[in-house]
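Everything below concerns the one structure shown next.
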Amino acid sequence: MRRMFRRNVRKTLSQNVPPVLQEANFAFDKGEYGRAGELFEHLAQAADARGGPRAPIFHLQAGRSRIFAGQTQLGMPSLKRGLELFAQRGQWQKLQQLGQRVLGELSTRGLSSEAGEIESLLKSLLPSSTSRSESTLLKKPILPTHCPSCGAAVRPDEVEWLDEATAECAYCESPVRGS
């Protein structure tokens with residue numbers, strides 16, 4: 001019985017998702033932020049080197065992991081790099097949304113100096129007129145809290161929607177279906 005359960009669990013995980021990404025997401029969810037930070041840094045550097053589309057999100061998650069682990073000096077460069085990559089790619093909405101999320105998390109942790117750094121960076125990176133697209137105003141279906149392929153947390157306001165009921169995981173690009 002136990003063996004069959006393990007096979008079913010393995011079948012639900014996407015074959016295209018790197019095990020290190022799954023491990024990083026699981027470590028983050030378990031509160032092992034230092035380990036998650038190391039793994040996300042490795043993923044971010046590899047994605048950055050090849051110009052991968054997920055490099056910014058990996059940098060941000062590496063930075064968040066380090067901040068949550070109490071390693072602020074290690075986390076800030078990753079946060080900044082992730083935000084800069086969004087700006088370089090002209091992904092203004094993601095830059096604004098994720099930048100505000102980072103600001104909130106830093107402020108909540110009492111890191112006002114670091115929040116000020118990020119706020120200044122955002123002001124320098126964002127164009128003067130950034131507007132929300134109409135698609136963010138439409139009511140979307142409820143998504144699972146975690147990606148079934150890589151285990152990353154899924155935030156409905158931060159995903160790319162493929163259609164009315166399906167979003168794309170920001171970490172592994174697997175489709176995540178809403179209900």
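Figure the gain on full extension for Gln45 and Arg89 (residue separation times 0.36 nm, minus the Cα-Cα span) and round it to one decimal in nm.
Contour length minus Cα-Cα distance gives 14.2 nm.
Among the aspartates and glutamates, which fall within straight-line cross-link reach of Lys30, defined as a Cα-Cα distance under 17 Å, with same-chain neighbours fewer than 8 residues apart omitted?
Straight-line reach from Lys30, under 17 Å: Glu38.
What are the trypsin sites (Lys or Arg not before Pro) within region 40-112 that DSSP puts in a loop, where the Cβ has at most 11 other Cβ atoms within 10 Å?
Arg50
Taken together, the values in this text are just the output of simple stated rules run on the coordinates, not laboratory data. Computed from a predicted structure; not experimentally measured. Positions of Cβ are generated from backbone atoms using ideal geometry, with glycine treated the same way; all protein chains shown enter the neighbour counts.
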